[in-house]
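*Asks:* First the structure, which I've put down as structure tokens, then a few questions once you've had a look.
The values are calculated or read from the model by the stated rules, or taken from the named source; none is laboratory data. None of these values were measured; they are calculated from a predicted model. Positions of Cβ are generated from backbone atoms using ideal geometry, with glycine treated the same way; all protein chains shown enter the neighbour counts.
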RNA sequence: GGCCCCGUGGUGUAGCGGUCUAACAUGCCACCCUGUCACGGUGGAGAUCGAGGGUUCGAAUCCCUUCGGGGUCGCCA
């Protein structure tokens, strides 16, 4: 072994011990005579003192050392002199008096600082990811990730879950995200797809009788990326037989509370986790993953504005659209510029504009002089008062209202379908502006009773909201034929602080129910057989009732590490354009490789023309 | 695919039409320094401003294109 101890492990109790350490030069302080070296290894940092009088050769080597040089140092652990202790580091009570210093490997000056937490260009960080990972912040993140995954495995194993691997070379998913495709050499012209999730396999494991399965599974989706999305990501995939929704919620609430206690006991994690319906989440917050750390709830004003002469409001109400808004406590003081910025926020989400009404008196005493609004002359004091009353406004508050017209595609700018997303964005912008979200709180919640299907305008059909194996809420079975859009499913999410952490559902386990859903989704019998024949058949061999959940590991650890970007939790992440700046993946392959696979590339221009 | 932001010594920034023969901090190099811990002191090297084109007497600064990175909407069963 190169070393007898880890730098970061040494304590006052080790005083008097002879040690051999190996690590990197974190910092060097050369006093001409004495040289101090902060030596870093995977466990932490310790100060080494090299005195030319008691180790001239060691001193010479220490003189040559520079930042990030790899050193082996022999010496004795000694208590620091009175007054030179450093209580900012765990090893600060002691230091290592060097008797020998050996340079194991020199190092070029790194392209960025390893020893401080500065903001570095992402591009550079990704190119030299192995150096970025040396920095304390990422190092700690990766360690925390391990601790969480280890706890998950232990927790589930203790409860009788079995970890089972499923194939990475699988079949394409006909719906949902774009697949990553892998050509088959043995079957020219045929392809595997990398799994978007192990969905079908885990259900088949339930049919196989394991009852409690989990897996830390890599998943692949070829879609555009975000701060919380990578082309390959990890999920805790879990499935249980003979359970109801609340069994799964209870299991995961306990798991997440356990994780919080284990890795972040300092954070405030309110429990029990609220269970709110999808409909309530949308109505109150305009989002299916609301941040529940603050209020700023939405108010529906549509019924109040039918009589107004203000065309924007009335037009929206009359056309079956929506007029909704948020009351901002103390917001009456916002400047024109501030409101303009908020207007820009909602416009980017498809709102036509933002109507503001500032109140400088209570609703009971409201006059023309105590309402400030660009539209006051259209709506009048009376409507301003009724809107304020509905929203619970007080003197000094500001009402911000978005109107959207009905009768047009939901994703069209200015449509009623844009009102909720606009107000969701507005709500989050306001919370940030007013600093309403307590950084040290993790407010988890289950969002339940999600819709079964949603209408796809482009394809002119119903699409599954969760996935096509999701079972129907028993109260809504009668609506399946008449009003599919309002059918609830047994699907649920776990959300936290505005993040969607997990999705799951109770699955269909009977063939006839599955076929009925396939029919609703416009999958004809021939396709059912071709794509899902194995599932339908499996359901005929005694499939148990079952359901599951699949939290994103990257997002989960990001939440606990208080990072806003999952790239900070992944050792080797990809850029927004799904490339790896360190290894340069993806790359073209040699024509002979394509040849073996029976593939031929189209010229670039031909592909662009499609 | 749309919209938005960014790209200046190794790193982080400033400069936003002539005063830029590009500034500051830090890092780097050399010398001095025996108790520092973001050690200190003195001196020095180091970028033609992502790339290409254009406007102009003159461009890091304005315009266009392009590449790369990021944010966001669409998309993500």
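*Asks:* Within the stretch A:115-135, which residues are more than 10 Å from RNA strand B (Cβ to nearest atom) and either in contact with a strand residue (DSSP E or B) (Cβ under 6 Å, 6 or more places away or on another chain) or closer than 15 Å to residue A:571 by Cβ (or both)?
*Replies:* Residues satisfying the conditions are A:129, A:130, A:131, A:132, A:133, A:134, A:135.
*Asks:* Okay, moving on. Have a look at A:531, A:567 and point out the one that is surrounded by 13 or more Cβ atoms within 10 Å (Cβ to Cβ), touching a residue at least 24 places away in the same chain (Cβ under 8 Å) and closer than 27 Å to residue A:259 by Cα.
*Replies:* Only one candidate passes the filter, namely A:567.
*Asks:* Which residues, counting only those in the stretch A:79-104, are more than 44 Å from the chain's Cα centre (by Cα) and more than 8 Å from RNA strand B (Cβ to nearest atom)?
*Replies:* Selection gives A:79, A:82, A:98, A:99, A:100, A:101, A:102.
*Asks:* From the set of residues in the stretch A:354-413 that are within 16 Å of RNA strand B (Cβ to nearest atom), surrounded by 15 or more Cβ atoms within 10 Å (Cβ to Cβ) and without any contact (Cβ under 8 Å) to a residue 60 or more places away in the chain, which is nearest to the chain's Cα centre (by Cα)?
*Replies:* A:410
*Asks:* If you don't mind, there's one more thing I want to ask. Against the definition (under 14 Å from the mean Cα position of the chain (by Cα) and within 11 Å of RNA strand B (Cβ to nearest atom)), how does residue A:564 come out, yes or no? Spell out how you get there, then give the answer.
*Replies:* Numbers: under 14 Å from the mean Cα position of the chain (by Cα): yes; within 11 Å of RNA strand B (Cβ to nearest atom): yes.
Yes; evaluated as a whole, the condition is true for this residue.
*Asks:* Continuing with this model, one more query. So, residue A:175, is that one exposed (fewer than 14 other Cβ atoms within 10 Å of the Cβ), within 16 Å of RNA strand B (Cβ to nearest atom) and within 30 Å of residue A:201 (Cα to Cα) or not?
*Replies:* Yes, satisfied.
*Asks:* While we're looking at this one, here's another question. Can we say residue A:139 is within 42 Å of the chain's Cα centre (by Cα), free of Cβ contacts under 8 Å to residues at least 60 places away in the same chain, closer than 30 Å to residue A:262 by Cβ and not assigned by TED's automatic domain parsing to the domain that holds residue A:39? So that I can check it myself, show each step before the final result.
*Replies:* Details: within 42 Å of the chain's Cα centre (by Cα): yes; free of Cβ contacts under 8 Å to residues at least 60 places away in the same chain: no; closer than 30 Å to residue A:262 by Cβ: yes; not assigned by TED's automatic domain parsing to the domain that holds residue A:39: yes.
When the stated conditions are applied, residue A:139 does not pass them.
*Asks:* Identify, by number, the condition in (1) in a loop (DSSP other than H, G, I, E, B); (2) over 30 Å from residue A:251 (Cα atoms); (3) within 16 Å of RNA strand B (Cβ to nearest atom) that residue A:420 doesn't meet.
*Replies:* All conditions are met except number (1).
*Asks:* I'm told residue A:5 meets every condition in (1) touching a helix residue (DSSP H, G or I) at 6+ places or on another chain (Cβ under 9 Å); (2) in a strand (DSSP E or B); (3) surrounded by 16 or more Cβ atoms within 10 Å (Cβ to Cβ) except one. Can you identify the failing condition by its number?
*Replies:* (2)
*Asks:* Could you list, in sequence order, the residues of the stretch A:41-68 that are within 38 Å of the chain's Cα centre (by Cα), touching a residue at least 40 places away in the same chain (Cβ under 8 Å) and more than 10 Å from RNA strand B (Cβ to nearest atom)?
*Replies:* Passing the criteria: A:42, A:44.
*Asks:* Then there's this: Quick one: residue A:520 ticks every box in (1) closer than 29 Å to residue A:289 by Cβ; (2) in the same structural domain as residue A:144 (by TED's automatic domain parsing) except a single one, so which number is it?
*Replies:* For residue A:520, the failing item is (2).
*Asks:* Let me ask something else. Return yes when residue A:192 is away from RNA strand B (no atom under 14 Å from the Cβ), closer than 30 Å to residue A:461 by Cα and outside any loop (DSSP other than H, G, I, E, B) and no when it is not.
*Replies:* yes
*Asks:* Residues of the stretch A:124-146 being surrounded by 15 or more Cβ atoms within 10 Å (Cβ to Cβ) and over 17 Å from residue A:27 (Cβ atoms), which ones?
*Replies:* Passing the criteria: A:125, A:126, A:127, A:128, A:129, A:132, A:133, A:138, A:141, A:142, A:144, A:145.
*Asks:* Are any of the residues in the stretch A:28-39 within 21 Å of residue A:115 (Cα to Cα), assigned to a strand (DSSP E or B) and more than 10 Å from RNA strand B (Cβ to nearest atom)?
*Replies:* Within the stretch A:28-39, one or more residues are within 21 Å of residue A:115 (Cα to Cα), assigned to a strand (DSSP E or B) and more than 10 Å from RNA strand B (Cβ to nearest atom).
*Asks:* Could you tell me whether residue A:104 is assigned to a strand (DSSP E or B), touching a strand residue (DSSP E or B) at 6+ places or on another chain (Cβ under 8 Å) and exposed (fewer than 15 other Cβ atoms within 10 Å of the Cβ)?
*Replies:* On the way: assigned to a strand (DSSP E or B): yes; touching a strand residue (DSSP E or B) at 6+ places or on another chain (Cβ under 8 Å): yes; exposed (fewer than 15 other Cβ atoms within 10 Å of the Cβ): yes.
The answer is yes for residue A:104.
*Asks:* Another question, if that's okay. Regarding residue A:464, is this residue assigned by TED's automatic domain parsing to the domain that holds residue A:358, within 16 Å of RNA strand B (Cβ to nearest atom) and at pLDDT below 95?
*Replies:* no
*Asks:* Select from the stretch A:510-522 the residues that are in contact (Cβ under 8 Å) with a residue 40 or more places away in the chain and not in a helix (DSSP H, G or I) and write down the one among them that is farthest from residue A:448 (Cα to Cα).
*Replies:* It comes out as A:522.
*Asks:* While we're looking at this one, here's another question. Quick check on residue A:269: is it more than 30 Å from residue A:545 (Cα to Cα) and surrounded by 17 or more Cβ atoms within 10 Å (Cβ to Cβ)?
*Replies:* Values: more than 30 Å from residue A:545 (Cα to Cα): yes; surrounded by 17 or more Cβ atoms within 10 Å (Cβ to Cβ): yes.
When the stated conditions are applied, residue A:269 passes them.
*Asks:* Something else now. Could you check how many residues of the stretch A:218-250 are in contact (Cβ under 8 Å) with a residue 60 or more places away in the chain and touching a strand residue (DSSP E or B) at 6+ places or on another chain (Cβ under 8 Å)?
*Replies:* The total comes to 18.
*Asks:* Could you check, for the stretch A:114-123, whether at least one of its residues is assigned by TED's automatic domain parsing to the domain that holds residue A:558, crowded, with 18+ Cβ neighbours inside 10 Å and either modelled with pLDDT of 95 or more or part of a helix (DSSP H, G or I) (or both)?
*Replies:* No, the stretch A:114-123 has no match at all.
*Asks:* Listed residues A:304, A:342; which is in a helix (DSSP H, G or I), more than 30 Å from residue A:496 (Cβ to Cβ), in contact (Cβ under 8 Å) with a residue 24 or more places away in the chain and touching a helix residue (DSSP H, G or I) at 6+ places or on another chain (Cβ under 7 Å)?
*Replies:* A:304
*Asks:* Right, residue A:556: over 19 Å from residue A:199 (Cα atoms), at pLDDT below 95, in the same structural domain as residue A:182 (by TED's automatic domain parsing) and touching a helix residue (DSSP H, G or I) at 6+ places or on another chain (Cβ under 9 Å) or not?
*Replies:* In short, no.
*Asks:* Right, next: Within the stretch A:221-234, take every residue that is assigned to a strand (DSSP E or B) and within 10 Å of RNA strand B (Cβ to nearest atom) and give me the one that is nearest to the chain's Cα centre (by Cα).
*Replies:* A:229
*Asks:* Across the stretch A:142-187, which residue is farthest from residue A:555 (Cα to Cα) among those that are in a helix (DSSP H, G or I) and free of Cβ contacts under 8 Å to residues at least 24 places away in the same chain? Let's see the steps before the verdict.
*Replies:* So the first thing to find is which residues in the stretch A:142-187 are in a helix (DSSP H, G or I), and the list is A:142-158.
Those still in the list that are free of Cβ contacts under 8 Å to residues at least 24 places away in the same chain too: A:143, A:146, A:150, A:154, A:157-158.
Values: A:143: 15, A:146: 14, A:150: 16, A:154: 20, A:157: 22, A:158: 24 Å.
Going through the qualifying residues, I end up with A:158.
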